[in-house]
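Quick notes on the structure that follows.
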Amino acid sequence: MEGHYTRQTKHGKCKISIRILDTLFMNSDLVEVLVPIPLMERFSYLPPKNKGFPLKKGSRVLVPFGKRQLVAVIWGFGKQEVSDKRKYKHITEVLDQSPLLDATSLSLAEWSSRYYHYPLGEIIQYFFPPSLRKGKEAKFRESKYLELTSKGSFISVDDLARAPSQQKLITLLKEKKEISLKSTQAFGISSTAINALLEKGFISRFSRELSPYKKLENKNLKSSKILNSEQNKAVEAIKKVQGKNKTFLLDGITGSGKTEVYLQAIQDIINQGKQALILIPEIGLAPQAEERFREYFGDRVMSFHSAKNEREKVDAWLGASRGLVDIIIGTRSSVFLPMKNLGIIVVDEEHDLSFKQMDKFRYSARDMALYRAKLQKIPVVLASATPSLETLRNAHEDKYEVLKLNERATGASLPTFQAVDLRGKELSEGLSKELLEATHSELDKGNQVLIFLNRRGYAPSMICKVCGWISNCSRCDALMTVHKNPLRLHCHHCEAQKSYPKKCESCDSDDFLTYGFGTERIEEFLQNNFPKVKTLRIDSDSTRKKETLNEYFDEIRQGKPMILLGTQLLAKGHHFPNVTLVGIVDADSGLFSADFRGSERVAQLMTQVSGRAGRDKKQGRVILQSYCTDHPQIEEIISGSYERFAQKLLEERKISNIPPFSFQAKIFAESPKSLVSRDFILNLLNRSRIDEKTRKNVRLVGPLPSIMEKKSGVYRWELSIFSKSRSNLHKFLDVMQSRLYDPKLSKQVRWSIDVDPLSSL
């Protein structure tokens, strides 16, 4: 470009070439990126020296950061200020031709950072599968193909008579236009022949993505079930609000057919070319859910969770973002999936604690789903037989529309309850005479029995009979659980393991006592006392392999008489039509928790596991063992009314002014020394410049040691913050957060913020 530009400076007039001026303007443009580091800052870079792909918000780039090259995401653009004398580095490489994240994903990430007070650069990584975080191409698996060039299309096959392998390949390509490199082996074509033709310029090689998802007609699929009046009403209510943001609480008793309701509600959405996202609490529920949805919607259904391998995760991510699948079923991380045309979100078992991540980025997938639905102006369905108190309060205030299902879909009645008072009774490995007799009776009838104990391992602890030594964990304020297969001591909090001691660490005695009962111990007893039927233990130890849980559920669904023994893995959402008896071994567990949410959790778990009984035409019953049968909570569970119990809890919470009638956050501090963790929070409060109005709008509890103070070798203290106003809570957290990144304050401490905490462990 010819010409010049004259500018007045304090040193006089100067000429600047227009060509140079354009270059200066280009180089002064800054690109704001999100770097995956635990800081709230965003970082600015100059565009890459080599232009490459266009720079767009939501695209991945490779940037120099210290001595490392990090994969970052473009967040925005700006101009370098004249007064800014910093030396900006250039982006190393642009990785994406088109942005991988849409506007909804970026808005959701930004809201999450503000709400959960967590670095945006780290949050944005949750929107990608691991391989894309590392900078790999966003592609399906590729296959290499061969095709004729223009030169090769005019060659006569007779000219290659002396090279029969080359001749064969040219003949095939003239017939088929293209052929996969892999299939050439089947035709007996050597790599030497292929390379020779490539060198001559007769053929060329290209790659093609192989999508595992194909557009299929929904033919010969299972017809929809006939719904009862309550179900029909719920389906019609959801259908009416397509294209609008509205939250429904699908509140149905166990076995009331909640899944069938949202299956049929989703049908209309799929017919319009839109997608559905189904969030489930546990990986173990995925196979059952995926099978159910495939019966209705064919092969354009996929699941997404941590048990998938890297290739499967990338395929699912691409399938969702490109609109190649209609329905995505996944655990909490699925809420981050970019989806081309999302039409509805369903959160199944919305009360479940598994939707909350308990470390690092402590988000709630349920709450993020609600905000995502708001952004995209689509309905969201929260389904549960035991809704959380937060959800119930929102429903009572008409923020959510309640869809009630009071009848079981099969017409079966709810199970009957029998409470067994254990006071003064002799037990057989934790099992009462009443429960054992009932088990015998149901098995003799050809039915299945479910024994529930939420405690894995053989025994919770071991004790030396001579000196009283106890198997404490050296890294936690907890006991090490005894496991028999393989024989070891295992801490279920920090996952530390050690071999079973041959002699006491304190007195060298070899006389030990295992104290208490776990699923392994009860399994051993049941196998010995019910040898004619199979005892199937289902817990996280027995189902480590990905395919094991599916195999177990297939075996259960065959309907043969057997005993199902397990932890909460059996309590959530499973349909076992031949289970007629549920035995709850330890109903007292959690009744006297130091966590104010403890009673809510116990009631939900007991109601859910009880609901596994009598789901088909056979009458079900529940035997509940307790040393506190006159406890109000046990009495409510026996009455079968979770709704009534939840209402009482809400009244108590309102009087106490605790969630859901206030908003809560926690600041945690962890250090190898207990007093260092405590002093960190005290110094934080003292150094933070909090005005009087902001301080008055919150209620502080602490600093106090966590319920389990020592865990994984560190001592944990916490500060609880309560406020009647969500905005006032966040204003306080904003002030605190500005001090948390002070290196002088946090040098010896690892800290975290948990907004809307659900657990105190």
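Values in this text are rule-based calculations from the coordinates and carry no lab data. What you see is a predicted model, and the numbers here were worked out from it, not measured in a lab. Because the Cβ atoms are built from the backbone with ideal geometry, glycine has one as well, and the counts that use them run over all protein chains shown.
For segment 142-209, relative contact order (Cα pairs under 8 Å, six or more residues apart, normalised by length) works out to 56 percent. The packing ranking, built from the mean of other Cβ atoms within 10 Å per residue, places the peptides 262-275, 719-732 in the order 262-275, 719-732, highest first. Based on the alpha-carbon gyration tensor of segment 628-761 and its eigenvalue square roots a ≥ b ≥ c, which shape applies: rounded if a/c is under 1.5, prolate if not and a/b is larger than b/c, or oblate? The shape class here is oblate.
So which GluC sites (Glu not before Pro) in segment 44-143 are both in a DSSP loop and have at most 15 other Cβ atoms within 10 Å of their Cβ? When the GluC sites (Glu not before Pro) of segment 44-143 are filtered for loop state and at most 15 Cβ neighbours within 10 Å, Glu81, Glu137 remain. Holding the Cα-Cα limit at 19 Å, pick out from Lys666/Lys724; Lys49/Lys89; Lys258/Lys545; Lys134/Lys356; Lys144/Lys176; Lys67/Lys87 the pairs that are longer than that. Where the Cα-Cα span goes over 19 Å, the pairs concerned are Lys258/Lys545; Lys134/Lys356.
Remark: relative contact order (segment 229-405) = 36 percent; criterion is Cα-Cα distance under 8 angstrom and separation of 6 or more residues.
Take every pair of alpha-carbon atoms less than 8 Å apart whose residues are at least six positions apart; their mean separation over the length of the chain yields a relative contact order of 10 percent. When the charge dipole of the chain is built from unit charges on Cβ atoms (+1 for Lys and Arg, -1 for Asp and Glu) and taken about the Cα centre, the candidate among Ser471, Leu169, Ser506 whose Cα reaches farthest toward its positive end is Leu169. In a DSSP loop and with at most 11 other Cβ atoms within 10 Å, the trypsin sites (Lys or Arg not before Pro) in segment 472-577 are Lys502, Lys532, Arg544, Lys545. For the chain, the antiparallel share of DSSP beta bridges with both residues in that region comes to about 60%.
Based on the Kirkwood radius over alpha-carbon pairs, what value in µm²/s does the Stokes-Einstein equation return for the translational diffusion coefficient of segment 327-387 at 37 °C and 0.692 mPa s?
272 µm²/s
With the gyration tensor restricted to C-alpha atoms of segment 142-209, the semi-axes of the equivalent ellipsoid amount to 18, 13, 10 Å, longest first.
Comparing Leu353, Thr254, Asn271 along the charge dipole axis of segment 229-405, the residue lying farthest to the positive side is Asn271, per the Cβ-charge model. Summing Cβ point charges (Lys, Arg +1; Asp, Glu -1) relative to the Cα centre of the chain gives a dipole of roughly 3280 debye. The alpha carbon gyration tensor of segment 228-303 gives principal lengths a ≥ b ≥ c with a/c of 1.5 or higher and a/b no greater than b/c, which makes the shape oblate. Along the axis of the charge dipole computed for segment 82-129 (Cβ charges of +1 for Lys and Arg, -1 for Asp and Glu, origin at the Cα centre), the listed residues Ala109, Pro119, Leu95 are led at the positive end by Pro119. Histogrammed with a bin width of 5 Å, the alpha carbon distances of segment 476-576 distribute as 2, 10, 17, 21, 18, 12, 9, 6, 3, 1, 0 percent, first bin at zero.
Relative to the longest principal axis of the Cα atoms of the chain, the long axis of helix 642-656 makes an angle of roughly 80 degrees.
Spin-label model, Asn406/Arg544: points 7 Å from Cα along the beta carbon direction are separated by 4.9 nm. Helical content alone sets the calculated 222 nm signal of the chain at -9000 deg cm²/dmol, taking -39,500 (n - 2.57) per DSSP H segment of four or more residues and averaging over every residue.
Mind pulling the angle between the C-alpha long axis of helix 164-176 and the longest principal axis of the chain? Nearest 10 degrees, somewhere in 0 to 90. Around 80 degrees separate the two axes. Sorted from longest to shortest, the spans of the Cα atoms of the chain along the three principal axes equal 100, 80, 66 Å. Calculated from the alpha-carbon coordinates, segment 229-405 shows an Rg and a Dmax of 15.0, 45 Å respectively. Please state the shape class of segment 253-344: rounded when a/c is under 1.5, otherwise prolate if a/b exceeds b/c and oblate if not, all from the C-alpha gyration tensor. Oblate is the answer for segment 253-344, as a/c is 1.5 or above yet b/c matches or exceeds a/b. Axis of helix 674-687 versus longest Cα principal axis of the chain: the two differ by about 60°, to the nearest ten degrees.
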